[in-house]
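Read the figures in this text as sums done on the coordinates, not as results from a lab. Keep in mind that what you see is a predicted model, and the values were worked out from it rather than measured. Using ideal geometry, Cβ is built from the backbone for each residue, glycine included, and neighbour counts are taken over all protein chains shown.
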Amino acid sequence: MSEDERMSLLRPDKPAGRRSKSVDMILATTSLGGGAAADSECAKATAHDVEFETGGQDDSLTDNQGLMHLLKATIGTGVLAMPGAVRHAGIVAGPIGVALIALVSLHCTKLLIRVARRLRAETGQQRMDYDAVAGLAFEYGPRKLRFLARASRIMLNSFMLINQLGLVAVYYLFVCENVQIFVSDVTGRQLPLIWFTSGFLLLFLPFVFLKRLRLLAPFALLANACMATVLVCIVAFCCLDLRPVSSLPAIKGFNTLPLFLGVVLFSYESINLVLPIENKLRNKDAMVRTCGIMDLSIYLVISMYAAVGFYGYLRYGENVKEAITYSLPSSPWYMASLKLVYSFSVFVSYGLQFYLLAYILWYWLQPLVSARFRGAAEFSLRVAIVLFSFAVPMLVPHLDLMIALLGSLSGCTIIFIYPPMLHSVLLWTERSALPCWRLILMKNICLMGFGLFSLLISTFLSMTEIIRTF
C-alpha cells in the first residue's frame with residue numbers, strides 16, 4: 001500500500017458524516033494527483049489547531065483519478081517484500097497465492113462497499129468510512145446484536161491502531177537497514193545496525209514538530225517519483241541472469257505458508273482507504289462494476305506484485321533477503337544508490353504516517369488532559385511515538401517478521417473477517433427477500449473462518465519466529 005496514502009482515521013464515537021469528512025480531508029491532503037491542493041479547511045483536533053489542507057471547492061474524483069488514488073494506496077513498501085514472500089511459498093505457489101489472496105481481498109472489499117451503500121441509504125448520510133460502517137451495521141442489524149455496535153467499532157479501531165503503530169516501526173527499520181547496507185557497499189565495512197537506528201533518531205525526532213502536512217507536500221511528490229523509478233529499475237535488473245525455474249521448489253511446506261500470507265496481507269491493506277475514495281467519486285457505480293476501478297486496480301497490482309515476487313525470487317533464489325533492495329549488488333554505483341533513493345521515499349512516508357498516528361492518538365487523549373497541560377502532553381505523545389518506532393526495531397531487527405506479524409494481526413481482521421461479518425449482519429435482516437441467502441451466509445462464514453484461522457496460525461508462527469531470533 002502506498003505509504004503516504006494509507007490514511008484511515010481511527011477515532012471513537014462521533015457522527016459518521018463528520019468523521020468521514022475528516023478522513024476525506026486527510027485523503028485530499030496526502031493525495032498528489034487529481035488537482036487537490038488549492039484552499040484549506042481546519043479541523044481543531046489539538047490545542048494548536050492542526051490544519052488539513054484540502055482540495056478546491058469541487059474535490060470530487062473522476063474514474064481515472066480514483067483509479068490512480070487506489071493504486072497509490074496499494075503499491076508501496078510491501079511490494080519490495082514480495083520476493084521474500086514467494087520464497088516462503090515456492091516459485092509456483094507464490095505468484096498463484098498472491099493472485100488468490102488479492103481476489104479474495106477484492107471480494108471482501110466489494111462486500112464492504114455494498115454494506116456502506118446500504119447504510120448510507122438507511123441513514124441518509126452521503127459519506128461514511130470504515131469504522132462508521134462497523135458500528136452502524138450492528139445498529140441497523142438484528143435487534144439482539146445491536147448492543148455490539150460500540151464493541152465492533154472499538155475492536156476495528158484497535159486493529160487499525162495496531163496497524164498504524166506497526167507501520168511507523170517498519171518504516172524506521174526499513175530506512176535504517178537500507179542505509180546500513182548502502183554504507184557497507186560503499187565502505188566495505190559492516191557497521192552494527194544499532195549505530196544507524198540510534199543515529200537516525202536525530203533525523204526522525206524533528207517530525208515531532210510537524211503540524212501541517214503542507215510542509216511535506218513537495219517532498220511527497222518527489223518521493224513518489226523516486227519510488228516508481230526504483231521499482232522499474234529493480235524489475236528490469238531482476239529479469240537479467242535468471243536461473244532455471246526448475247531449480248527452485250514449486251511449493252514450500254505448510255510451516256512457512258502463514259508467513260507468506262502475512263507478508264502479502266500487509267501489502268493489500270488499502271481497504272482502509274477504499275470508502276474515502278468512493279465517497280469522493282463523481283460516479284460511484286464505477287467503483288464496483290465489472291472491470292471498474294476496483295477490478296482494474298487489483299489486476300494491475302496482481303501483475304506487479306506477482307512479477308516482482310517471481311522474478312526477484314528467480315533472480316536470487318533462497319538468498320533473497322527480506323526486501324529486494326537488500327539483495328541489490330553494490331556495483332555498479334547506481335544499483336547501490338537505489339537503496340538510498342528508496343530510503344528517502346520511505347523516510348518521507350514515515351512523516352505522513354507519523355502525522356496521522358499523532359492526530360489519532362491525540363484526538364483520543366485530549367479530553368483526558370487538563371487544558372493547562374495539553375501543550376506538554378501533546379509534545380510528549382509525539383516524542384513517545386518516535387521513541388516507540390525506534391525501540392521496536394531494536395527489539396525485533398527483522399523486517400520480514402515484523403511485516404508478517406503486522407499483516408497477520410491487522411490484515412486478516414480488517415480484510416477477511418470484518419467485511420463478511422458486517423455483510424452477514426445486514427443480510428440477516430433482509431433474508432426473506434433473498435432466495436439464496438443461505439448460500440451467501442455460508443460463503444461469508446467460510447471467509448470469516450478462513451480469516452480467523454489465518455489470523456491465529458500466522459500470528460502464532462510469526463511470533464514463534466520472532467522469539468526464535470532472540
ALA433 versus ALA384: modelled label distance in nm, points set 7 Å from Cα along the beta carbon direction:
4.7 nm
Over the range 394-470 - Rg/Rh using Cα atoms and the Kirkwood inverse-distance radius:
1.21
Cβ-Cβ FRET estimate between SER60 and TRP333, R0 fixed at 41 Å, reported to 0.05
0.35
With the crude spin-label approximation of a point 7 Å out along Cα→Cβ, what separation in nm comes out for SER303 versus PHE450?
2.4 nm
Could you rank the peptides 263-269, 113-119, 183-189 by their average count of other C-beta atoms within 10 Å per residue, with the highest value first?
263-269, 113-119, 183-189
Loop-located trypsin sites (Lys or Arg not before Pro) in the range 197-306 whose Cβ has at most 14 other Cβ within 10 Å (DSSP)
ARG282, ARG289
Subtracting the Cα-Cα distance of ARG468 and LYS144 from 0.36 nm times their residue separation yields 112.2 nm
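Holding the Cα-Cα limit at 21 Å, pick out from LYS72/LYS280; LYS211/LYS280; LYS110/LYS252; LYS284/LYS443; LYS72/LYS252 the pairs that are longer than that. Spell out each step's value before the answer.
Details: LYS72/LYS280 16 Å; LYS211/LYS280 25 Å; LYS110/LYS252 31 Å; LYS284/LYS443 26 Å; LYS72/LYS252 31 Å.
From the list (LYS72/LYS280; LYS211/LYS280; LYS110/LYS252; LYS284/LYS443; LYS72/LYS252), the Cα-Cα distance tops 21 Å for LYS211/LYS280; LYS110/LYS252; LYS284/LYS443; LYS72/LYS252.
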For ASP285, net neighbour charge (Lys/Arg +1, Asp/Glu -1) across residues whose Cβ lies under 11 Å away
+2
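Work out which helices of the chain, taken as complete DSSP H runs, extend at least 24 Å along their axis over the Cα atoms and score a mean Kyte-Doolittle of -1.0 or more, then list them. Could the numbers behind the result be given before it?
Numbers: long enough: 93-123 (44 Å, 0.88); 149-187 (57 Å, 0.98); 217-238 (32 Å, 2.20); 293-316 (34 Å, 1.11); 333-365 (48 Å, 1.09); 374-395 (31 Å, 1.36); 437-469 (48 Å, 1.20).
Length and hydropathy pass: 93-123, 149-187, 217-238, 293-316, 333-365, 374-395, 437-469.
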Distance between the C-alpha centers of the range 167-206 and the range 318-391? Whole Å please.
12 Å
Hey, quick one: spin label on LEU296, modelled 7 Å out along Cα-Cβ, who in the range 73-113 has an amide N within reach, i.e. under 18 Å?
73-75, 106, 110
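For the chain, build the convex hull from the C-alpha positions and give me its volume per residue in Å³.
Working: hull volume 69.3 nm³, N = 470.
Normalising the Cα hull of the chain by residue number yields 147 Å³.
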Return the equivalent ellipsoid semi-axes of the range 279-387 as a descending list in whole Å, where each equals the square root of 5 times an eigenvalue of the C-alpha gyration tensor.
38, 28, 11
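How much length is gained on full extension from VAL104 to LEU201, taking 0.36 nm per residue of separation minus their Cα-Cα distance?
Details: separation 97, 0.36 × 97 = 34.92 nm, distance 3.92 nm.
Here the segment from VAL104 to LEU201 would lengthen by 31.0 nm.
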Using packing as a proxy for protection, rank 66-76, 124-134, 423-433, 216-226 so that the peptide with the highest average count of other Cβ atoms within 10 Å comes first.
66-76, 124-134, 216-226, 423-433
Solvent-free Debye scattering, log10 I(q)/I(0), computed from the Cα coordinates of the range 163-280 at q = 0.10, 0.15, 0.17, 0.20 Å⁻¹:
-0.54, -1.21, -1.42, -1.48
Over 13 Å [Cα-Cα, the range 64-112], rounded percent
67 percent
